[in-house]
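This report refers to the structure that appears directly beneath it.
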Amino acid sequence: MLQNVLIAREIYASEEHQMMQEMIQDFIRNEIMDQIDGWEENGMVSREIWLRAGALGLLCIDMPEQYGGSGLDFSYSALFIEELAKKGISGPGFSLHSDIVAPYLLKYGTETQKQKYLPPMARGELITSLGMTEPNCGSDLKAITTTAVDKGDHYVVNGQKTFITNGYMSNMSIVAVKTQLGTAKEGLSLLLMESDTAGFEKGIPFKKIGMKAQDTCELFFDNVKVPKDNLLGKEGDGFKMMMSELPRERLTVALNAIGGAEGAIKNTIAYTSTRTAFKQPIAQFQNTQFKLAECATQLQLHQAFLDRCTLLLSEQRLTAESASMAKYSATEMHGTVVDECLQLFGGYGYMWEYPIARMYADNRVARIYAGTNEIMKILIARGLFKELYQELKALKNKK
């Protein structure tokens, strides 16, 4: 089996990691797998699964215990991401909630904001989302048009966000807005916006190629009054905060990719070992063996790099360039592996009842969200030619 080929991953070797892995696998087997079809029909998961994940301590895993988290390091969050991905589980937006929204609050929130939102987030009672992308603004965050006009003790927000993970189920969203209209930079800021506020509306969840159980939707703001106390961090610091947190977001996408690739390979080994053609198992054909050997090799290489990135993130030393490399390369690898594996399933691989079909549909978006892979290449290149970019920027400023 695959575990006999791959080098043991030291990052998950502790007794605590093994216990966590067993608990996660039980959770997936006993409480998720039988619900996937129903979730896909509804276009969203149940609130009960969020509460159950919270009760097991699987939400906000690396958040301090004083705010309701488990107080563990990021490697435990990485383990949860990978285990879900191995089974092709894309419906519950646990990682967006725990690994992206929670760190924003933990790092930039006031003590009042932390006490208000973080404990119920860890319990699964309060579901969160992140409102950045707009219909005419994707990777270029500076181009957003959602505005927040200062009215003294509150802001009035108008605008729209789209492709929002957890959008329909979310109780609170961190929303990127322009707060300093008329100035050169227009002041990109982040607001904590509760979904039951007057003027805050949600669109119907999108019908997507994949990730059918994930409640991705639009958010609409029509003169929404947001208290000044709901400003996250300092006014005008939104872009800087987002750039600071993007490496973690991109690493979570990469971790999902290697987990998904491992799950696809394991599924394909099992299938080709039992499915026969020309009176022998498909696994006995040299082409099958070569294809899976190539996939396993690429997975091994990416696991080693991602393990290193996970340790660097835990030590707060993961660079934007390394995170971009991880996200770009791992998602490209995932796409190739799933495509090769589906081919080995033949016609059955195209049937939705087979996990490989879901994996094929679900993984495609990973090369788009959290910054397209084309943007990742630009960021990597900027790191390689940092001095040149600085010289060109200085020259432009002189003009």
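Bear in mind that the values in this text are calculations on the coordinates, not laboratory data. Values in this document were obtained by computation on a predicted structure and should not be read as measured data. Neighbour counts run over all protein chains shown; Cβ positions are idealised from the backbone, glycine included.
Please work out the C-alpha center-to-center distance from the range 17-48 to the range 346-368 and express it in whole Å.
Measuring centre to centre over Cα atoms gives 19 Å.
Which value in nm describes the separation of the simple spin-label points at residue 66 and residue 33, placed 7 Å from the Cα toward the beta carbon?
With each label placed 7 Å out from Cα toward Cβ, I get 4.2 nm.
Cα convex hull of the range 129-236: how many Å³ per residue? Don't skip to the answer; put the middle values down first.
Working: hull volume 10.5 nm³, N = 108.
So the per-residue hull volume is 97 Å³.
Pull up all non-local amide H partners of residue 134: gap of 5 or more, or a different chain, and H-to-H distance under 5 Å with H placed in the peptide plane.
When sequence neighbours closer than 5 places are left aside, the close amide H contacts are 162.
Using helices alone, I'd like the mean residue ellipticity at 222 nm for the chain: each DSSP H run of four-plus residues gives -39500 (n - 2.57), total over residue count, nearest 500. Kindly include the intermediate steps, with their values, before the conclusion.
On the way: 12 runs with 192 residues, N = 399.
Calculated mean residue ellipticity at 222 nm is -16000 deg cm²/dmol.
How about the range 295-399: which chymotrypsin sites (Phe, Trp or Tyr not before Pro) there lie in a loop by DSSP and see at most 15 other Cβ atoms within 10 Å?
Sites meeting the loop and neighbour criteria: 352, 385.
Could you compute the net charge surrounding residue 167? Neighbours are other residues with a C-beta less than 9 Å from the C-beta of residue 167; K and R count +1, D and E count -1.
Here the charged neighbours net out to 0.
What size of dipole, in debye to the nearest 20, comes out for the chain about its Cα centre when the only charges are +1 on Lys and Arg C-beta atoms and -1 on Asp and Glu C-beta atoms?
Dipole of the chain, to the nearest 20 debye: 1220 debye.
Once amide H atoms are built 1.01 Å from N in the peptide plane, which residues 5 or more positions from residue 154, or in another chain, come under 5 Å H to H?
Here the answer is 228, since their amide H atoms fall under 5 Å of that of residue 154.
Full-extension gain between residue 229 and residue 350, please, as 0.36 nm times their residue separation minus the C-alpha to C-alpha distance.
38.5 nm
In the structure shown, do any of 207/327; 185/396; 185/234 have a Cα-Cα gap over 23 Å, and if so which?
Details: 207/327 25 Å; 185/396 17 Å; 185/234 15 Å.
As for pairs spanning more than 23 Å Cα to Cα, those are 207/327.
Please give the length that would be gained between residue 280 and residue 293 if that part of the chain were fully extended, namely 0.36 nm times their separation in residues minus their C-alpha to C-alpha distance (nm, one decimal).
Working: separation 13, 0.36 × 13 = 4.68 nm, distance 1.93 nm.
Difference between extended and current length: 2.7 nm.
Which of the GluC sites (Glu not before Pro) across the range 27-58 are loop residues per DSSP, with 12 or fewer other Cβ within 10 Å?
Listed in order of number, the matching sites amount to none.
Between rounded, prolate and oblate, where does the range 210-324 land on the alpha carbon gyration tensor, with a ≥ b ≥ c its root eigenvalues, rounded for a/c under 1.5, else prolate if a/b exceeds b/c?
Taking the square roots of the gyration eigenvalues as a ≥ b ≥ c, the range 210-324 is oblate.
Efficiency by 1/(1 + (r/R0)^6): what FRET value for residue 140 and residue 23, r their Cβ-Cβ distance, R0 = 41 Å, to the nearest 0.05?
So the FRET efficiency works out to roughly 0.50.
Over the C-alpha atoms of the range 2-126, what are the Rg and the largest Cα-to-Cα span, Dmax, in Å?
Considering the range 2-126 through its Cα atoms, Rg and Dmax are 15.2, 50 Å.
Using alpha carbons only, how many angstrom separate the centre of the range 141-186 from the centre of the range 311-337?
29 Å
Under 15 Å from the Cβ of residue 261, count the other residues' Cβ atoms, weight Lys and Arg +1, Asp and Glu -1, and hand me the total. Each step should come with its number before you reach the end.
Numbers: positive: 9, 86, 87, 266, 291, 327, 358, 364, 367; negative: 82, 83, 262, 294, 307, 332, 339, 340, 362.
Result for the neighbourhood of residue 261: 0.
Once R0 is set to 22 Å, what does the formula 1/(1 + (r/R0)^6) return for the Cβ-Cβ distance between residue 196 and residue 47, expressed as a FRET efficiency to the nearest 0.05?
0.90
What is the sum of charges, Lys and Arg at +1 and Asp and Glu at -1, for the other residues whose Cβ falls under 13 Å from the Cβ of residue 146?
Cβ neighbours under 13 Å give a net charge of -1.
Rg and Dmax of the chain, using alpha carbons, in Å: what are they?
21.8, 78
Could you grab the relative contact order for the chain? Cα pairs under 8 Å, six or more apart, rounded to a whole percent.
On the way: 684 pairs, mean separation 64.8, N = 399.
Over the chain, the number comes to 16 percent.
Using the charge dipole of the range 240-391 (Lys, Arg: +1 at Cβ; Asp, Glu: -1 at Cβ; taken about the Cα centre), state which of 251, 355, 300 has its Cα farthest towards the positive end.
About the Cα centre, the residue reaching furthest to the positive side is 355.
In the structure shown, do any of 266/377; 202/225; 178/225 have a Cα-Cα gap over 26 Å, and if so which?
Values: 266/377 30 Å; 202/225 16 Å; 178/225 15 Å.
Table pairs above 26 Å Cα-Cα are 266/377.
Pop a pseudo-label 7 angstrom from the Cα along the beta-carbon direction at both residue 377 and residue 7 and give the gap in nm to one decimal.
2.9 nm
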